[in-house]
Ligand code: ATP
Ligand code: MG
């Protein structure tokens, strides 16, 4: 171990509750430090998610010391030496110094061994930037050169990278995720080991993979991370690999399919729905591609993208409703929607009136156009026009869902249409006619329209 002394010139402002927890433990004769991501993020000036504390006290002693000072303590992971302590609504995980055995669930080590020094505890951590400890009076303890790596914006494994990724393959995806969140690069030996150990990610639970990939997609530097990590994340999302380096041969594009995709993700709203849809929207392009003279074409690619997306997302821990929305966005990303009230109402009807999904679709269309050549500028204007028209439509009483129609399924059946899909079809035709302004949304007019259409069909 590279036992560097504390850096005194780094001052991190810790919140009162974290300082209070450290003081409570040290007043009882133990030692305690803030550790991990909170130190990293505080040095970087980023918002800190949670403050984690490491101590040489056993969990039961931690519980005693902190309850005496007014903390509420929950035994959230005592098998691994962790309790969660809260003061004034602020919760912290406090964990006894330990080293970890294997993480077969990719989340909790199978066995832990408690150790006596903070240095040994830091040595079990994944990356140097996460192996920093900070104490309000002793300052920064940096045994692995984490501060230098923060300065150099580098993600470097603690110790032998391949060994660390064989112990726990989740670290591979964590590294890609930190690259995206922090805008850091992977140190070459660390990257090489992430690449060579990537197939071990098959042992990580789909929940953990899904969580890390979603966080990666939401990262501020997602374009750079996707470009840097495609050969690594390809082991969990092999559907993406064919996009890498796939030239488009069209004046509408300046990037290959993968770099285009990386930019679309970057320029999409920072929501899981928008980002997952952006990641897969052109996944069907390599399969749909053909050349006509010197021009590349991808007719029909959205439907192939839908199949590819469905297959990939089925392996992840995502809700069926979320997946359905991603598939809808992928399918419609390229669909021409006229920026007229009728065009917008028809699109809303297709989306069963889901206004938020329509907004997400417009945002995807905008991000898609932003990642193409200047020939695609009219599509940007179209996205803005769609937004304007959508707001105008929403400010009226105009009808765009079956539920808003002045008739319902019972009315349709009372006209003699037998129960079954015919009822929905009749209502859909009625909605279409109302949107088209061929029939007003009035009960009698709609009943005559349905009766007339039913007669026409039966003849
Ligand atoms: P964030 O909270 O933003 O996700 P973090 O770095 O705080 O980032 P946590 O999952 O909260 O990540 O973990 C806290 C610390 O625990 C990390 O900074 C790291 O030191 C250590 N750690 C977490 N997971 C692992 C792992 N799989 N292998 C080794 N160390 C880990
Ligand atoms: Mg954390």
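The values are calculated or read from the model by the stated rules, or taken from the named source; none is laboratory data. Quantities reported herein were computed from a predicted structural model and do not represent experimental measurements. In this analysis, Cβ positions are derived from the backbone assuming ideal geometry, glycine residues included, and neighbour counts consider all displayed protein chains.
Odds and ends about this structure:
- Applying the set (1) in contact (Cβ under 8 Å) with a residue 24 or more places away in the chain; (2) more than 41 Å from the chain's Cα centre (by Cα) to residue 439 leaves exactly one unmet item: (1).
- Filter result (within 26 Å of residue 233 (Cβ to Cβ) and buried (at least 24 other Cβ atoms within 10 Å of the Cβ)) within region 135-155: 144, 146, 155
- Screening residue 149 against (1) within 16 Å of ligand 2 (Cβ to nearest atom); (2) part of a helix (DSSP H, G or I); (3) touching a strand residue (DSSP E or B) at 6+ places or on another chain (Cβ under 8 Å) leaves a single unmet condition, (1).
- So residue 200, is it farther than 24 Å from residue 48 by Cβ, part of a helix (DSSP H, G or I) and outside the structural domain of residue 260 (by TED's automatic domain parsing): yes
- From 132, 186, 216, 173, residue being closer than 30 Å to residue 30 by Cβ and surrounded by 20 or more Cβ atoms within 10 Å (Cβ to Cβ): 132
- Filter pass, residue 69 being away from ligand 1 (no atom under 14 Å from the Cβ) and in contact with a helix residue (DSSP H, G or I) (Cβ under 6 Å, 6 or more places away or on another chain): yes
- Top-ranked residue of region 6-20 - restricted to ones that are within 16 Å of ligand 1 (Cβ to nearest atom) and not in a helix (DSSP H, G or I), ranked as surrounded by the most Cβ atoms within 10 Å (Cβ to Cβ): 14
- Those residues of region 166-195 which are farther than 17 Å from residue 125 by Cα, in contact with a strand residue (DSSP E or B) (Cβ under 9 Å, 6 or more places away or on another chain) and assigned to a loop (DSSP other than H, G, I, E, B), in sequence order: 184
- Flag if residue 77 is within 16 Å of ligand 1 (Cβ to nearest atom), crowded, with 16+ Cβ neighbours inside 10 Å and over 18 Å from residue 139 (Cβ atoms): no
- Single match in 86, 23 (criterion: within 29 Å of the chain's Cα centre (by Cα) and more than 16 Å from ligand 1 (Cβ to nearest atom)): 86
- The one condition from (1) away from ligand 1 (no atom under 12 Å from the Cβ); (2) outside any strand (DSSP E or B); (3) touching a residue at least 40 places away in the same chain (Cβ under 8 Å) that residue 140 does not meet is (2).
- In the set (1) modelled with pLDDT under 95; (2) over 33 Å from the mean Cα position of the chain (by Cα), residue 11 fails one condition alone, (2).
- Scope region 319-335; condition touching a helix residue (DSSP H, G or I) at 6+ places or on another chain (Cβ under 6 Å) and within 28 Å of residue 201 (Cβ to Cβ); matching residues: 323, 325, 326, 327, 329, 330
- For residue 129, the conditions (1) in a helix (DSSP H, G or I); (2) away from ligand 2 (no atom under 16 Å from the Cβ) all hold with the exception of (2).
Each row is one residue, and each column tells you yes or no for (1) over 19 Å from residue 12 (Cβ atoms); (2) away from ligand 2 (no atom under 16 Å from the Cβ); (3) part of a strand (DSSP E or B).
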{"residue": "63", "(1), (2), (3)": "yes, yes, no"}
{"residue": "74", "(1), (2), (3)": "yes, yes, yes"}
{"residue": "85", "(1), (2), (3)": "yes, no, yes"}
{"residue": "92", "(1), (2), (3)": "no, no, yes"}
{"residue": "134", "(1), (2), (3)": "no, no, yes"}
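- Failed item in (1) touching a helix residue (DSSP H, G or I) at 6+ places or on another chain (Cβ under 9 Å); (2) part of a helix (DSSP H, G or I), with residue 23 passing the rest: (1)
- Complete set of residues in region 32-60 that are in contact (Cβ under 8 Å) with a residue 12 or more places away in the chain, more than 13 Å from ligand 2 (Cβ to nearest atom) and not in a helix (DSSP H, G or I): 32, 33, 55, 56, 57, 58
Quick grid of which residues meet (1) at positive phi; (2) crowded, with 19+ Cβ neighbours inside 10 Å; (3) not assigned by TED's automatic domain parsing to the domain that holds residue 360:
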site: 381; (1), (2), (3): no, no, no
site: 384; (1), (2), (3): no, no, no
site: 389; (1), (2), (3): no, yes, no
site: 392; (1), (2), (3): no, no, no
site: 413; (1), (2), (3): no, no, yes
site: 422; (1), (2), (3): no, no, yes
site: 429; (1), (2), (3): no, no, yes
site: 440; (1), (2), (3): no, no, yes
site: 448; (1), (2), (3): no, no, yes
